[in-house]
Amino acid sequence: MSRTAVELPPDFRPASDAAWRQVRETPGYLAEREARFLMLAAAGAPASGAIVEIGSFKGRSTVALAAMAQQYGLGRVVAVDPHTSPSDTDPDLGGQPSSYDDFVVNLQRADVARSVDSRRMRSDEFARSWNQPIRLLWIDGDHTYAAVKQDLARFRRHLARGGILAMHDVLGTWEGPLRVFVEDVLGSDDFGPAGFCGSIGWAQFLPGDGGARRFRWSRRRLAWAARRLIPVARAGLVASGLNKWRYKLWRALAPHHAVDPVRWVAHVCVPRRTGA
C-alpha cells in the first residue's frame with residue numbers, strides 16, 4: 001500500500017473558514033473542531049464516491065459537508081433523516097412535529113441547498129436501495145446501540161477503499177456510538193488510520209491492510225481509553241459523582257484535540273487498489 005500523501009486543495013483553509021461562518025449560524029450540536037474535521041474529511045478523503053450523512057437534524061453538519069462538496073465538485077451530499085419528533089435519542093423540538101422545515105431553511109440560508117440530496121426517510125429504508133460507493137460516511141442518527149450497529153453494518157460494505165468513516169458522540173455519554181466504534185471499528189482490521197476529534201471517532205477503510213502492525217497497535221491504543229468510558233455512558237446522559245470523575249479521566253486519555261489538516265492528510269493512506 002502506498003503512503004503517498006493526500007493533497008488538499010490549496011484554498012482549503014480559506015474555504016473551510018468561510019464554510020464555518022455558515023455552520024456556526026446553523027442550530028445543532030456539532031462543535032467547531034468537529035465541523036472543521038468533517039470539512040477536512042470531505043475535501044481530503046482519498047477515495048471516489050458519495051458523501052453520505054445518516055442523521056441531519058437541522059442541518060449543521062449538512063452545511064459543513066455541502067459547502068465542501070459545492071466548493072470542490074464532489075457531487076451532492078446525500079442527507080438521510082426522517083426528521084420526525086419526538087425521538088428517543090433526538091433533541092426535543094418543543095412540540096414541533098418535525099425538524100425538516102428548519103433543515104430546509106438552514107440549507108437555503110447557507111446557500112448550499114443545491115448541493116444536498118435530502119432523503120426524508122429512515123436509514124434502514126434508504127439502505128435497501130443504496131448501491132453506490134461512499135467516500136465519506138457520517139453516522140449521527142439514532143444513538144441506540146442496536147441502531148448505530150445496524151447503520152454501520154448496512155453502509156460499511158459501500159465504503160470505497162480509502163474512504164473515511166466518521167461517527168458522532170463516540171466520546172460523549174451515549175453508549176451506542178461509543179460501543180460500536182470501539183468494538184466494530186477499532187476492533188476491526190478492515191480499518192487502518194483512526195482517531196478522535198472532539199466527540200467524533202473516525203477511521204479509514206482499508207480492508208486487507210488494516211491488520212498491519214502499526215494500524216492495529218494504534219487502534220488498540222485508542223480503544224484502551226475509550227472502552228473505559230462505556231460503563232460511564234451506560235449510566236446515562238448526565239454523568240455525576242464518581243462517574244463524572246471517570247468520564248473526565250478516561251476522556252482526557254483518549255486524544256481528541258482539533259485536527260491539523262496538514263498532519264491529517266499525511267496520516268491517512270492513498271491505497272494502490274481502488275474501488276468500492
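Go through region 70-96 and give me each residue that's of a type in the set (Gly, Ala, Ser) and either buried (at least 24 other Cβ atoms within 10 Å of the Cβ) or modelled with pLDDT under 85 (or both).
Of everything in region 70-96, those that are of a type in the set (Gly, Ala, Ser) and either buried (at least 24 other Cβ atoms within 10 Å of the Cβ) or modelled with pLDDT under 85 (or both) turn out to be Ala79, Ser85, Ser87, Gly94, Gly95.
How many residues does region 114-148 contain that are more than 19 Å from Val185 (Cα to Cα) and within 17 Å of the chain's Cα centre (by Cα)?
Adding up the residues that qualify gives 2.
Looking at region 36-59, can you tell me whether even one residue there is among the charged types (D, E, K, R) and surrounded by fewer than 20 Cβ atoms within 10 Å (Cβ to Cβ)?
Within region 36-59, not a single residue is among the charged types (D, E, K, R) and surrounded by fewer than 20 Cβ atoms within 10 Å (Cβ to Cβ).
Considering Asp140, Asp124, Asp111, Asp117, which residue is modelled with pLDDT of 95 or more and open to solvent by 70 Å² or more (accessible area, probe 1.4 Å)?
Step by step, each of Asp140, Asp124, Asp111, Asp117 is checked, and only Asp111 is modelled with pLDDT of 95 or more and open to solvent by 70 Å² or more (accessible area, probe 1.4 Å).
What about Ala31, is it under 18 Å from the mean Cα position of the chain (by Cα), among the hydrophobic types (A, V, I, L, M, F, W, C) and crowded, with 24+ Cβ neighbours inside 10 Å?
Considered against the rule, which asks whether it is under 18 Å from the mean Cα position of the chain (by Cα), among the hydrophobic types (A, V, I, L, M, F, W, C) and crowded, with 24+ Cβ neighbours inside 10 Å, Ala31 comes out as no.
Output the residue which, of all residues in region 30-52 that are part of a helix (DSSP H, G or I), small (Gly, Ala, Ser) and in contact with a Ser or Thr (Cβ under 9 Å, 6 or more places away or on another chain), is nearest to Gly141 (Cα to Cα).
Per the stated criteria, the residue is Ala35.
Yes or no: region 189-211 includes at least one residue that is assigned to a helix (DSSP H, G or I), buried (at least 18 other Cβ atoms within 10 Å of the Cβ) and not aromatic (Phe, Trp, Tyr).
no
Among what's in region 133-150 and is touching a Gly at 6+ places or on another chain (Cβ under 6 Å) and part of a helix (DSSP H, G or I), pick the residue that is nearest to Val52 (Cα to Cα).
Val148
Which pairs have Cβ atoms under 9 Å, sit 6 or more apart or on different chains, and link a residue in region 159-184 that is more than 21 Å from Thr62 (Cβ to Cβ) to one that is open to solvent by less than 10 Å² (accessible area, probe 1.4 Å) and acidic (Asp, Glu)?
Taking only residues 6 or more apart or on different chains, the pairs are Val180/Asp151.
Checking the conditions here, which among His257, His267 is in contact with a Pro (Cβ under 9 Å, 6 or more places away or on another chain), touching a residue at least 12 places away in the same chain (Cβ under 8 Å) and open to solvent by 60 Å² or more (accessible area, probe 1.4 Å)?
Among His257, His267, only His267 is in contact with a Pro (Cβ under 9 Å, 6 or more places away or on another chain), touching a residue at least 12 places away in the same chain (Cβ under 8 Å) and open to solvent by 60 Å² or more (accessible area, probe 1.4 Å).
Being open to solvent by 10 Å² or more (accessible area, probe 1.4 Å), modelled with pLDDT of 95 or more and in a strand (DSSP E or B) is true for just one of Arg161, Arg220, Arg179, Arg216. Which residue is that?
Answer to the check: Arg161.
Hey, can you tell me all the residues within region 11-33 that are out of contact with any Pro (no Cβ under 8 Å at 6 or more places or on another chain) and of a type in the set (Lys, Arg)?
Arg21, Arg24, Arg33
The values are calculated or read from the model by the stated rules, or taken from the named source; none is laboratory data. Treat the numbers as computed from the prediction; the structure is a model and nothing was measured. Cβ atoms come from the backbone with ideal geometry, glycine included; neighbour counts cover every protein chain shown. Side chains are part of the model used for accessible areas, which takes the heavy atoms of the whole protein and leaves out ligands, DNA and RNA. Shrake-Rupley method; radii C 1.70, N 1.55, O 1.52, S 1.80 Å.
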